[in-house]
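The values are calculated or read from the model by the stated rules, or taken from the named source; none is laboratory data. Model, not experiment: these values are computed from the prediction. Note that each Cβ is placed from the backbone with ideal geometry, even for glycine, and that neighbours are counted across all protein chains shown. Accessible surface is based on the protein model in full, side chains and every heavy atom, while ligands, DNA and RNA are left aside. Shrake-Rupley method; radii C 1.70, N 1.55, O 1.52, S 1.80 Å.
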Amino acid sequence: MTETELIEQLDTLAKDYGNRFLLDPAPDNELPEHGMRSVEAMRLIGEELVLDGIPMRNLATFVTTWMEPEAQRIIAENLHRNFIDHAEYPQTAEIEQRCIRILAHLFNAPGETTGARTQGSSEAIMLGALSLKWKWRNRREQAGKDTARPNLVFGGDVHVVWEKFCRYFDVEPRIIPLKPDKYTIGPDDVEPHLDENTIGVAAVLGTTFTGHADDIVGINDLLLRLKDERGLDIPLHVDAASGGFVWPFLYPHSEWDFRLEQVRSINVSGHKFGLVYPGIGWLVFREPSDLPEDLVFYENYLGKTDATFTLNFSTGSAMVLAQYYNFVRFGHAGYRYIMQTMQQNTRHLAERIEASGYFRLIGGQDDEQLPLVAFQLAEDQGFDEFDVASQLAAERGWMVPAYTLPPDASHVKIMRALVKLTLGHSLVTTLADDIVEACETLKKKGGLHEIDRRRAKTGVGY
């Protein structure tokens with residue numbers, strides 16, 4: 001049989017058995033000349049995704065990786081529903097408003113409020129910061145003052161989207177650097193950066209780096225003092241992307257939200273500890289007047305006059321409905337139970353990691369913190385945190401990130417393990433054992449990142 005005849009025979013058999021995708025490369029530069037059967041397309045994509053990590057072992061991401069089958073069904077049955085079409089889907093719009101009111105109540109809003117669903121906290125932060133800029137500009141114009149040099153104050157512990165906002169919308173970022181022994185910010189850090197051109201201060205509830213919170217009460221008190229002494233009315237935005245669904249249930253008496261007078265807006269990610277798949281975020285204002293009217297657009301080309309306050313227009317309804325599902329499914333008691341379960345398993349993991357002798361924890365067990373463990377090597381072992389992360393991935397498939405902190409703590413290297421609901425007690429125990437085993441292996445064979453270790457010792461390159 002010639003090679004041509006063999007290829008033709010294989011092609012015929014592939015069509016018969018539905019495995020054509022096994023013989024052809026995956027299209028990557030242009031549309032293929034001919035398509036394939038639906039089952040083959042599904043199998044092709046499944047084969048590609050085998051190369052991805054397993055979401056259950058992804059301890060780097062804050063994003064939800066599992067929802068109940070009933071929630072998945074709601075999502076699947078509403079993927080075709082365009083959220084922005086309020087005239088056609090008025091009940092979906094009402095459910096969005098219910099979610100906003102529920103969150104406003106959870107965050108102790110004093111009265112009537114407003115807000116918006118967003119694609120995630122990144123969009124929510126952009127919209128919240130735009131509101132700060134517009135309100136500042138309106139105040140300056142009414143006072144007959146210059147509006148050319150707005151600035152925004154935040155710490156180096158924020159998500160990168162805050163710097164994006166400043167670059168995209170022409171605002172000076174006044175970034176407070178971190179220190180090797182201090183990974184959040186407080187009033188003493190903030191005060192030197194404030195002036196009449198400050199549109200607002202952003203404080204973080206649950207940082208990406210260590211899971212701790214800025215001193216929000218202290219910053220609020222500072223802003224109140226400046227308001228009284230210097231007439232500077234500087235609002236406070238709380239970036240509660242991760243912490244907004246944690247603090248109300250684990251630390252209900254901790255004041256960080258609308259109980260503080262200068263807190264005018266809060267963002268939170270439904271797709272993090274709100275327990276919804278990506279992407280869904282929320283922006284909640286203290287009161288309707290905190291949303292400038294000229295940031296709201298009105299249109300009627302979808303069948304009725306609607307107000308829109310978003311960066312995106314068309315987007316799916318499924319995750320809004322999934323968020324509401326969680327609210328009615330779990331209630332306050334259910335969310336509290338879930339957060340307490342994660343917290344208990346977090347403490348178990350922290351104890352096991354610290355007891356290994358290889359690591360020291362970032363922060364104490366009694367700190368207010370997201371359900372995560374941040375840790376670093378206790379001493380030079382001949383390998384570093386990046387080596388441990390690589391060894392864990394190679395040996396057991398765990399995705400535990402190693403990273404450096406922002407300036408001026410950029411020479412500090414740490415690791416972080418999220419302990420979400422899918423990481424139960426048995427898996428936590430296994431993870432702790434695997435971390436120790438990775439260290440034992442590295443101790444025998446040496447590290448994998450020689451350049452990184454030299455930099456850690458000298459400080460060069462950071």
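Once fully extended, how much extra length lies between residue 195 and residue 348, figured as 0.36 nm per residue of separation less the alpha-carbon to alpha-carbon distance?
Length gained between residue 195 and residue 348: 50.6 nm.
Determine how large the accessible area of residue 179 is when every protein chain is in place; take a 1.4 Å probe and give Å² rounded to the nearest 10.
Counting only protein heavy atoms, the figure is 100 Å².
Can you tell me the order of 437-445, 322-330, 22-30 when each peptide is scored by its average per-residue count of other Cβ atoms within 10 angstrom, highest first? Don't skip to the end; give the middle numbers.
On the way: 437-445: 15.8, 322-330: 19.3, 22-30: 9.0.
Final packing ranking: 322-330, 437-445, 22-30.
On a 32 Å Cα-Cα criterion, which of the cross-link pairs 164/413; 133/420; 182/443 come out too long?
133/420
Given a 1.4 angstrom probe, I'd like the percentage of the accessible area of the chain that is carbon and sulfur, rounded to a whole number.
Carbon with sulfur: 51 percent of the solvent-accessible area.
How would 399, 42, 67, 56 rank on accessible area, largest to smallest, probe 1.4 Å?
Of 399, 42, 67, 56, the descending order of accessible area is 42, 56, 399, 67.
Of all alpha-carbon pairs in segment 24-125, indicate the percentage at a distance above 17 angstrom. Walk me through the intermediate numbers first.
On the way: 3863 of 5151 pairs.
Counting pairs separated by more than 17 Å, the tail of P(r) holds 75 percent.
Give me the net charge for the shell around residue 326: Cβ to Cβ below 15 angstrom, other residues only, Lys and Arg +1, Asp and Glu -1.
Value of the local net charge: +4.
With n ≥ 4 as the cut-off for DSSP H runs, can you work out [θ] at 222 nm for the chain, using -39500 (n - 2.57) per run divided by the number of residues, rounded to the nearest 500?
The helix-only estimate for the chain comes to -13000 deg cm²/dmol at 222 nm.
May I ask for the distance between the Cα centers of segment 162-226 and segment 331-348, given as a whole number of Å?
When both Cα centres are located, 29 Å separates them.
Given a 1.4 Å probe and heavy atoms of the protein chains only, how would you sort 162, 66, largest accessible area at the top?
From most accessible down to least: 66, 162.
What net charge do the residues around residue 400 carry, taking every other residue with its C-beta under 15 Å from that of residue 400, with Lys and Arg at +1 and Asp and Glu at -1? Mind showing how you got there, number by number?
Working: positive: 57, 352, 396, 413, 416, 420; negative: 384, 385, 387, 395, 433, 434, 437.
Net charge in that neighbourhood comes out at -1.
What is the spread of the Cα atoms of the chain along each of their three principal axes, largest first, in whole Å?
Reported extents, whole Å, longest axis first: 91, 64, 45.
Considering only DSSP beta bridges with both partners in the chain, what is the antiparallel share in %, to the nearest 5? Spell out each step's value before the answer.
Details: 26 of 44 bridges.
The antiparallel proportion sits near 60 percent.
Contact order normalised by length for segment 310-448, with contacts defined as Cα pairs under 8 Å and 6 or more residues apart; what percent is it?
Relative contact order here is 26 percent.
Under the rule of at least 5 residues apart or a separate chain, name every residue whose amide H is placed under 5 Å from the amide H of residue 172.
151, 152
What list of ³J(HN,Hα) couplings, whole Hz, do you get for segment 130-145 from phi and the Karplus terms 6.51, -1.76, 1.60, once you set θ to phi - 60° and write x for glycine and proline?
Result, ordered by residue: 4, 5, 4, 5, 5, 5, 4, 4, 4, 4, 5, 5, 5, 8, x, 10 Hz.
Contact order normalised by length for segment 35-188, with contacts defined as Cα pairs under 8 Å and 6 or more residues apart; what percent is it?
Across segment 35-188, relative contact order equals 12 percent.
Using a probe radius of 1.4 Å on heavy atoms only, what accessible surface per residue do you get for the chain? Whole Å² is fine.
48
Once you have the Cα-Cα distance between residue 169 and residue 9, take 0.36 nm times their residue separation minus that, and quote the gain in nm to one decimal. Please report the intermediate quantities before stating the final value.
Values: separation 160, 0.36 × 160 = 57.60 nm, distance 6.06 nm.
Additional length available on full extension: 51.5 nm.
Quick one: 3J(HN,Hα) in Hz for segment 172-184, Karplus 6.51/-1.76/1.60 with θ = phi - 60°, rounded, Gly and Pro as x.
Listing the rounded values in order: 6, x, 10, 9, 7, x, 7, 10, x, 10, 8, 10, 9 Hz.
With θ taken as phi - 60° and the coefficients 6.51, -1.76 and 1.60, list the Karplus ³J(HN,Hα) couplings across segment 52-59 in order, rounded to whole Hz; mark glycine and proline as x.
Running phi through 6.51 cos²θ - 1.76 cosθ + 1.60 with θ = phi - 60° gives 6, x, 8, x, 4, 9, 8, 8 Hz.
Accessible area, 1.4 Å probe, largest first: how do 47, 8 sort?
I get 8, 47, largest accessible area first.
Report the full-extension gain for the segment residue 105 to residue 26: residue separation times 0.36 nm, less the Cα-Cα distance, to one decimal in nm.
Numbers: separation 79, 0.36 × 79 = 28.44 nm, distance 4.98 nm.
Result: 23.5 nm gained on full extension.
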